[in-house]
1. Which of (1) part of a loop (DSSP other than H, G, I, E, B); (2) surrounded by 16 or more Cβ atoms within 10 Å (Cβ to Cβ); (3) not hydrophobic (A, V, I, L, M, F, W, C) does N217 not meet, given it meets every other one?
2. Hey, could you check segment 53-93 for residues that are without any contact (Cβ under 8 Å) to a residue 24 or more places away in the chain and in a loop (DSSP other than H, G, I, E, B) and say which is nearest to G122 (Cα to Cα)?
3. For residues that are among the aliphatic types (A, V, I, L, M) and over 30 Å from K175 (Cα atoms), scanning just segment 187-214, find the one that is surrounded by the fewest Cβ atoms within 10 Å (Cβ to Cβ).
4. Would you mind stating whether E103 is modelled with pLDDT under 95, assigned to a strand (DSSP E or B) and farther than 21 Å from S218 by Cβ?
Amino acid sequence: MDHTEKGRLARRELLLKLAAAGALGAGGILGLVRDALSAGSLPATPGFHHIKGPVGVDDIRASIGMNIKPGHTVMTGIGGEAVYIIGPDAFLQREKTKITFEESGGAQFMRIVTGSILSVIGKGRDNRPRNLQIVTPTATIGIRGTGCYIEAEEARTYFCLCYGEAEVTPKGDPKQKETIQTKHHDHPIYINASGSKIMAPATVMNHTDDEVIMLENSVGRWPPFYGQGGNRY
């Protein structure tokens, strides 16, 4: 059995355990796990792999397999949820969220207008960092190949760098730019639009390791914290 086959079987075994334990939810993401197991192959193909409730791309209702391309806006309504893959990246978009994907001058942009999303971002060719910017109402975040969870509001952004490296620039005071490196949800923060504390410490909330593992496995990877023990979220 070669290395690729061993990795595929290991991912299948893990997803089965998570599904059996109910860790991925009884209704929503559990369906994605079942699809991955029945398909028998990972990583999955690009496009939507899980849709619950109202989910749209621009003015079109989203459907399983539909691809997201530069210039597209993905929207979820009340009770909506979506898991989709774009290249080496996978996303779990929660309800009441609006996100636009763009490309310009060799850079990629993910504009979170409002709402919440968990993302696992792959590296570029030859394992090099990509020029990817996540833009929220209060911050610009340069991503270097990471997992992160974001909740974006007009007045503040919640940002948890689950692992990896990111450069956070608050729009309210760009001089407070900070490079963050974490291994396991080590430094969640709020990025405020204004006030005496533009960058403020936060706690880990509203996302789990099991969700991160599911997303990474959907694109054929493991999160770096897996198998290292310690606390689980």
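The values are calculated or read from the model by the stated rules, or taken from the named source; none is laboratory data. This one's a predicted model, so the numbers in the text were calculated from it and none came from an experiment. As a convention, Cβ positions derive from the backbone with ideal geometry for all residues, glycine included, and neighbour counts pool all protein chains shown.
1. (1)
2. Restricting to residues being without any contact (Cβ under 8 Å) to a residue 24 or more places away in the chain and in a loop (DSSP other than H, G, I, E, B), the top hit is N67.
3. The selected residue is I213.
4. yes
For (1) touching a Leu at 6+ places or on another chain (Cβ under 8 Å); (2) surrounded by fewer than 16 Cβ atoms within 10 Å (Cβ to Cβ), each residue gets a yes or a no:
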{"residue": "T100", "(1), (2)": "no, no"}
{"residue": "S104", "(1), (2)": "no, yes"}
{"residue": "F109", "(1), (2)": "yes, no"}
{"residue": "G122", "(1), (2)": "no, no"}
{"residue": "N131", "(1), (2)": "no, yes"}
{"residue": "P137", "(1), (2)": "no, no"}
{"residue": "G142", "(1), (2)": "yes, no"}
{"residue": "G145", "(1), (2)": "no, no"}
